[in-house]
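For reference, the structure discussed in these notes is given below.
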Amino acid sequence: MELSLAHPAIKAFMCGSFSGTCSTLLFQPLDLIKTRLQTLQCGMKPGSNRVGMVTVLLSVVRTEKLLGLWKGVSPSFARTIPGVGLYFSTYYSLKQHFFQDRTPMAFEAALLGGGARTVAGILMLPVTVIKTRFECGKYSYVSVTGALRSVCRTEGPAALFSGLMATLLRDVPFSGIYVMFYSQTKASLPKEISTSPSAPLANFSCGILAGIVASLITQPADVVKTQVQVTPQLRTAEAVRYIYLEHGLQGFFRGAVPRALRRTMMAAMAWTVYEQMMARVGLKS
């Protein structure tokens, strides 16, 4: 079936999946470094010397070669390609249903983004768990399907939904805050910019600003989510208590720089590519 003949929600899904593929391939190394930084924290004693981004980067390249920076890219693709597609198709469908005749206000835009992320986050959580374990370096999984089978066999299917609360507490506010800031900053652009050939660059800049704000606000939930998924016996509340007692408030911002870089660049690129592709297939994003 040609894309031009497809249902609008399917067009949104395809555009979102393509944008997610591009951004995942480019920024996977930042996600791996962020996960390694957060899992290294588990074994560190209070007062130990901090391990930084550059140290982790050099360690991965030295021990796992350059391609080691893309470890976990297969589960990232397995999560991101359908996950971003689901996100954008849900976002488009909700927007068309509730706001077909007007532009959503700031709070409504936040609800749109959060609602779309809730659907995608719950459906894709099992692959998110596997992706986190691939990246942390503590598990010797060979493939995504093999990892899924292994977890179900040794830990039970419930382990594939470990960190659900922390994941939603991270992803839903991130998406809501991102869409709110992105839509508002984009709407404030002068009309001559938004209709000029430089519009994609202007939109990308709006995405960068929105991504930085959303990443920093939701960083603590990301740290908790990583700990719960890497150590399944920990519940969310126990992980929060452990991080605070062992590392204080700064422990909740471990890996903030690589995550902010990756999430900001990924989201900005995904939205820019998505909107350009939607325009090409004749749909308003």
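When the chain is treated as a GNM, springs tying every alpha-carbon pair under 10 Å, which of SER23, SER188, SER89 comes out with the largest mean-square fluctuation?
So, out of SER23, SER188, SER89, the one fluctuating most is SER188.
When the chain is fully extended, how far beyond the present Cα-Cα distance does CYS22 get from VAL61, taking 0.36 nm per residue of separation?
11.8 nm
Where in segment 197-231 is the amide nitrogen less than 14 Å from a point lying 7 Å along the Cα-to-Cβ axis of TYR244?
Only 220-221, 224 pass the distance filter.
If I fit a long axis through the Cα atoms of helix 256-280 and take the longest principal axis of the Cα atoms of the chain, what angle between them do I get, 0 to 90°, rounded to 10?
Its long axis makes an angle of about 30 degrees.
With a cut-off of 8 Å between alpha carbons and a minimum separation of six or more residues, what is the relative contact order of segment 9-280 in percent?
Over segment 9-280, the number comes to 29 percent.
Excluding ARG170 itself, calculate the net charge of residues whose Cβ lies under 13 Å from the Cβ of ARG170, where each Lys or Arg counts +1 and each Asp or Glu counts -1.
Values: positive: LYS34, ARG117, LYS225, ARG259, ARG263; negative: ASP171, ASP222.
Net local charge, ARG170 excluded: +3.
Can you give the FRET efficiency for SER143 and ASP101, using 1/(1 + (r/R0)^6), R0 = 35 Å, r = Cβ-Cβ distance, to the nearest 0.05? Each step should come with its number before you reach the end.
Values: r = 47 Å, r/R0 = 1.35.
E between SER143 and ASP101, to the nearest 0.05, is 0.15.
Looking only at LEU112, LEU148, LEU125, which one moves most when the chain is put into a Gaussian network model with springs between Cα atoms under 10 Å?
Maximum fluctuation in the GNM of the chain, among the listed residues, is at LEU148.
Per 5 Å bin, what is the whole-percent P(r) computed from every C-alpha pair distance within segment 64-198?
In whole percents, the pair-distance histogram is 2, 10, 15, 17, 15, 13, 10, 8, 6, 3, 1, 0.
Which net charge results for the neighbourhood of PRO220, defined as the other residues with beta-carbon distances under 12 angstrom from its beta-carbon, given Lys and Arg at +1 and Asp and Glu at -1?
Numbers: positive: ARG170, LYS225, ARG254, ARG259; negative: ASP222.
My count for the surroundings of PRO220 gives +3.
If we count every other residue with Cβ under 14 angstrom of PHE99's Cβ, Lys/Arg +1 and Asp/Glu -1, where does the sum land?
Details: positive: LYS95, ARG102, LYS284; negative: ASP101, GLU108.
So the environment of PHE99 carries a net charge of +1.
Please rank ILE217, ILE33, ILE81, fewest neighbouring Cβ atoms within 10 Å first, as an exposure proxy. Intermediate results must be reported in sequence, preceding the final value.
On the way: ILE217 14, ILE33 26, ILE81 17.
So the residues, fewest neighbours to most, are ILE217, ILE81, ILE33.
Comparing VAL61, VAL119, VAL73, which has the greatest mean-square fluctuation in the GNM of the chain with Cα pairs linked when under 10 Å apart?
VAL61
So for PHE107, PHE13, PHE253, fewest C-beta neighbours within 10 Å to most, what's the order?
Least to most surrounded, the residues fall as PHE107, PHE253, PHE13.
With Rg and the Kirkwood Rh both taken from Cα atoms, where does Rg over Rh land for segment 160-272? Please report the intermediate quantities before stating the final value.
Values: Rg = 16.7 Å, Rh = 15.1 Å.
Over the Cα atoms of segment 160-272, Rg/Rh equals 1.10.
I'd like the FRET efficiency for SER205 and ARG153, computed as 1/(1 + (r/R0)^6) with the beta carbon distance as r and R0 of 45 Å, rounded to 0.05.
Rounded to the nearest 0.05, the efficiency is 0.40.
In the structure displayed, which of LYS11/LYS34; LYS34/LYS225; LYS95/LYS131 lie more than 22 Å apart, Cα to Cα? The partial results should precede the final answer.
On the way: LYS11/LYS34 32 Å; LYS34/LYS225 12 Å; LYS95/LYS131 30 Å.
Long pairs (Cα-Cα over 22 Å): LYS11/LYS34; LYS95/LYS131.
Report Rg/Rh for the chain, rounded to two decimals, where Rg is the Cα radius of gyration and Rh the Kirkwood radius. Intermediate values should be presented prior to the final figure.
Details: Rg = 19.1 Å, Rh = 19.5 Å.
That ratio equals 0.98.
Order 154-162, 219-227 from most to least packed using the mean count of other Cβ atoms within 10 Å. It would help to have the intermediate numbers written out before the result.
Working: 154-162: 14.4, 219-227: 25.1.
Ranking the peptides 154-162, 219-227 by packing returns 219-227, 154-162.
Using the Cα centre of segment 9-280 as the reference point, and only Cβ charges (+1 on K/R, -1 on D/E), how large is the resulting charge dipole? Debye, rounded to the nearest 20. Let's see the in-between values first.
Details: 28 positive and 12 negative charges, 113 e Å.
Here segment 9-280 has a charge dipole of around 540 debye.
Give the angle, between 0 and 90 degrees and rounded to the nearest 10, that separates the Cα long axis of helix 53-64 from the longest principal axis of the Cα atoms of the chain.
It is inclined by approximately 70 degrees.
Bear in mind that the values in this text are calculations on the coordinates, not laboratory data. Treat the numbers as computed from the prediction; the structure is a model and nothing was measured. Using ideal geometry, Cβ is built from the backbone for each residue, glycine included, and neighbour counts are taken over all protein chains shown.
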